[in-house]
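Student: Can you keep this structure in mind? I'll have questions shortly.
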Amino acid sequence: MTLERFLHFASVDGAALLAATLSALVCGMLGNWLVLRRTSLMGDAISHSVLPGIVGAFLVTGTRAPVPMFVGAIIAALLTVAVTQAVRRLARVDMGAAMGVTFASFFAFGVLLIEQASARQVDLDPDCVLYGSLETLFWFPPANPRDWLSLSTLALLPTPVKTLLVVTVVSAIVLRLLRKELALASFDAPLAAALGFRPALLGAILMTLTAAATIASFEAVGSILVVAMLVCPAAAARLWTDRLRTQTRLSAAFAVLSAILGYLLAATAPRWLGTTHALGAAGTMATTAGAILTISIVAGPTHGLVARVLRRRELALRVAREDALGALFRMLESGTDRASEQLLVAAVGPRGIAEARRRGEIETANGLVRLTPTGVAEAQAIIRSHRLWETYLVEEAGLAADHVHESAERLEHVREVAPEVPRALDPQGKPIPKPTS
Amino acid sequence: MTTTPLRPEHSPESPLSIHAMTVAYRRKPVLWDVEFDAPPSSLVAIVGPNGAGKSTLMKACLGLVPMAAGNVAFWGQDLSVARSRIGYVPQRESVDWEFPVSALDVVCMGRYRKIGWFRGISKAHRDAALAALDAVGMGAFRDRQIAQLSGGQQQRVFLARALAQEADLYFMDEPFAGVDAATEKAIVETLRMLKSQGRTVICVHHDLQSVREYFDHVLMLNLRVVAAGPTAEAFTTQNLQRTYGGRLTLLDAASHALARGGAA
């Protein structure tokens, strides 16, 4: 890429891409905590209900400067929290219903204010609130690349980008400083309070930052993207990890990825689709975030659908194999060392036998099957587990001796817990094999 | 919170002195005029029927729910002074078990008061947490996400977190609820160890069968203190009947009337 083309890209797309990425990043970082605290609806509520505050500030001051808008939005956000609490207490409804009522009313009031304002030829547009106006962001960097990182170049950035930069940096620092405190307050609020860590204050800080991020994002990317980025990246990250640190990083990474991929999609998709209609970047970014969440639901390593299906199949195969070994062990208990494969297949089906053979636990020759040494050890462990469970069910749970075989047949496959009943014989008088080391 | 001078009837030796505590929920009093002194180096059971105000009593002592009247002192000091010497094990249901933390992470939370705001967890604190995890026999599960532990194992992690707090007075809200026999034994051993080190543990306890065996003091509660003292003296059939035998209908009706905001 030549310098000239890069400069062109920087001035046409650079500021917009930077704004989208910063907005996604800050929402992804904050959303991580909202999702973990199960208060993502509160983020949703705040991002909507700050609208009347922003519009009100604009109508009062007549400018779109960030500070008055921020003040207006904070007032609206605090009112939202207070009104939600009041509705919940006075109407005795649950938190979700109270929030839903509050933020829908606030948002509607904001739209009403905008329409009133636009009737008076004020430059505010309801569409802009929903989708933002990324296309209007331009940046003219100095021609000399050596000047790009200087402070004066930063100052040339469009105001929404500068606001986003400040809010993102502040949020990142606060969240980093309060990581352990937030973790405690989210995991176990009573203990946090008992240790003097003020969970209510921490919640309020999080809400204030969310309100700030919403306002900073509003003008550039609109409220749809804010809502998507508050929820999707964090929810997707939760499907990939059980570690807080990884969760936090993934959440931010997915948000940035959604922003960049979504932006590129908006730029290139019309060409693929053969239309000249431009796609709104905020919409494609939110869609990308949704796609990442969908992929995570399907492919997540521990909680994903594929992983769950694989785990279930693995378990089914192990159960089939263990049932085959157990059945063969019982057939051989009369003292022979081989049994008819046909009879074994008739008893437990071919799948478990094939798996046991693959693992070298049984051998077949001339239509007869026998246990190998490893197979004997494995079969003994299973039979031991089965007969211990039978004993336990009879002696501890008080079930009838002729009713426990079916239950034990299922329980014998449990590896994590085993009953410790020191007996030599099970309720039917069959020997319980000794544990193999 | 202001420091109130200790009443002469309460000893500064006592790790917990409750004086004339009344707690109301939605203006409905749920605890009336509680008066109690926990002796140092003791294991105290709080027993009483559901809705007797047992958890509320603990939460009020810890400042988690406001008191309508009365005061609480710890070694004759205010909660704000004594906080770092007080440990708390909430009910298991109060925790979000799906939260992405490992057993070791949870135990480290017991050290947070000592670590303080904004700071990371140093190796020394992590080692202390590990030692606590080992002490309850859960060292092998340090990296397991807490949702993947059994109920008994989760309770042991909670216990390890309490140990990691290195407190002198513990409040435990139903530590024996829903645990297996092995965990129950581990908890009892831990409680006795804490007592032998001169610490005091106050437990909400539901299993009346084991009160005599596990606890040397008992606080019998049903909206007010029915009886309190050494288990051998206070835990009598007569007091049990007074604690569990029916609600105080008159007091209950009056509470409802107060909650409605006037005479019925």
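The values are calculated or read from the model by the stated rules, or taken from the named source; none is laboratory data. Note that the coordinates shown come from a computational prediction; the quantities given were computed from them, not determined experimentally. All Cβ positions, glycine included, derive from the backbone under ideal geometry; neighbour counts span all protein chains shown. With ligands, DNA and RNA removed, areas are computed over all heavy atoms of the protein, side chains included. Shrake-Rupley method; radii C 1.70, N 1.55, O 1.52, S 1.80 Å.
Student: What nm value, rounded to one decimal, do you get for the distance between residue B:257 and residue A:318 when each label is placed 7 Å out toward the C-beta?
Tutor: 6.4
Student: Which one, A:303, A:320, A:291, projects farthest toward the positive side of the charge dipole computed for the range A:287-437 from Cβ point charges (K/R +1, D/E -1)?
Tutor: Of the listed residues, the answer is A:291.
Student: Under unit Cβ charges (Lys, Arg +1; Asp, Glu -1), what dipole magnitude, rounded to 20 debye, does the range A:309-417 have relative to its Cα centre?
Tutor: With Lys and Arg at +1 and Asp and Glu at -1, about 580 debye.
Student: Starting from the Cα gyration tensor of the protein assembly as shown, take the square roots of the eigenvalues, sort them a ≥ b ≥ c, and report rounded, prolate or oblate (rounded when a/c is under 1.5, otherwise prolate if a/b is larger than b/c, else oblate).
Tutor: Oblate, because a/c is 1.5 or more while a/b does not exceed b/c.
Student: At 222 nm, what value in deg cm²/dmol follows for the protein assembly as shown if DSSP H runs of at least 4 each add -39500 (n - 2.57) and the sum is divided by all its residues, to the nearest 500?
Tutor: Result for the protein assembly as shown, helices only: -18500 deg cm²/dmol.
Student: Roughly how far apart, in whole Å, are the Cα centres of the range A:1-78 and the range A:315-331?
Tutor: 60
Student: May I pose another question? State the extension gain, in nm to one decimal, for the chain segment bounded by residue A:153 and residue A:334, taking 0.36 nm per residue of separation less the distance between their alpha-carbons.
Tutor: 56.3 nm
Student: State to the nearest 20 debye the size of the charge dipole of the range A:3-230 about its Cα centre, where the only charges are +1 on K and R beta carbons and -1 on D and E beta carbons.
Tutor: 800
Student: Given the options A:8, A:386, A:408, identify the residue whose Cα lies farthest towards the positive end of the charge dipole of the protein assembly as shown (+1 on Cβ of Lys, Arg; -1 on Cβ of Asp, Glu).
Tutor: With unit charges placed on the Cβ atoms, the residue in question is A:8.
Student: Between A:175, A:225, A:371, find the one with the highest GNM mean-square fluctuation for chain A; connect C-alpha pairs within less than 10 Å.
Tutor: In this elastic network of chain A, the residue with the biggest mean-square fluctuation among A:175, A:225, A:371 is A:371.
Student: A further question follows. Using 7 Å Cα-to-Cβ label points, what is the residue B:233/residue A:179 separation (nm, one decimal)?
Tutor: So the label points at residue B:233 and residue A:179 sit 5.4 nm apart.
Student: If a/c stays under 1.5 just call it rounded; otherwise compare a/b with b/c (prolate if a/b is bigger, oblate if not). Do that for the range A:2-133, with a ≥ b ≥ c from the square roots of the Cα gyration tensor eigenvalues.
Tutor: Oblate shape, in that a/c is at least 1.5 and b/c is the bigger or equal ratio.
Student: Just to confirm the number: angle between the C-alpha axis of helix A:281-299 and the first principal axis of chain A, 0 to 90 degrees, nearest 10?
Tutor: 10
Student: How far, in degrees from 0 to 90, does helix A:15-36 lean away from the longest principal axis of the Cα atoms of chain A, to the nearest 10?
Tutor: In chain A, helix A:15-36 runs at an angle near 50 degrees to the longest axis.
Student: Among A:170, A:221, A:421, whose mean-square fluctuation peaks in a Gaussian network model of chain A (Cα, cutoff 10 Å)?
Tutor: A:421
Student: Could you pull the accessible area for residue A:287 with a 1.4 Å probe, rounded to 10 Å²?
Tutor: 90
Student: Another question about this same structure. Step through the table entries A:180/B:59; B:28/B:59; A:180/B:195; A:180/B:123, compare each Cα-Cα distance with 20 Å, and write down the pairs that go over it.
Tutor: A:180/B:59; A:180/B:195
Student: On to the next question. What nm value, rounded to one decimal, do you get for the distance between residue A:166 and residue B:94 when each label is placed 7 Å out toward the C-beta?
Tutor: Placing both labels 7 Å beyond Cα along the Cβ direction yields 4.0 nm.
Student: Select from A:151, B:217, A:83 the residue farthest towards the positive end of the dipole of the protein assembly as shown; place +1 on Cβ of Lys and Arg, -1 on Cβ of Asp and Glu, and compute about the Cα centre.
Tutor: A:151
Student: Now, a different point. Take every DSSP beta bridge whose two residues both sit in the protein assembly as shown, then give the antiparallel share in percent to the nearest 5.
Tutor: 60
Student: Please compute, for the alpha-carbon atoms of the range A:309-417, the extent along each of the three principal axes and give them in descending order in Å.
Tutor: Principal extents (Cα only, largest first): 45, 39, 24 Å.
Student: What accessible area, in Å² to the nearest ten, does a 1.4 Å probe give for residue A:297?
Tutor: 80
Student: Mind checking Rg over Rh on chain B, alpha carbons, Kirkwood formula for Rh?
Tutor: 0.98
Student: Quick one: if the Förster radius is 60 Å, what FRET efficiency do residue A:208 and residue A:354 give, using the C-beta to C-beta distance and rounding to 0.05?
Tutor: 0.45
Student: Give the calculated FRET efficiency between residue A:268 and residue B:131 to the nearest 0.05, with a Förster radius of 60 Å applied to their Cβ-Cβ distance.
Tutor: My answer for the efficiency is 0.55.
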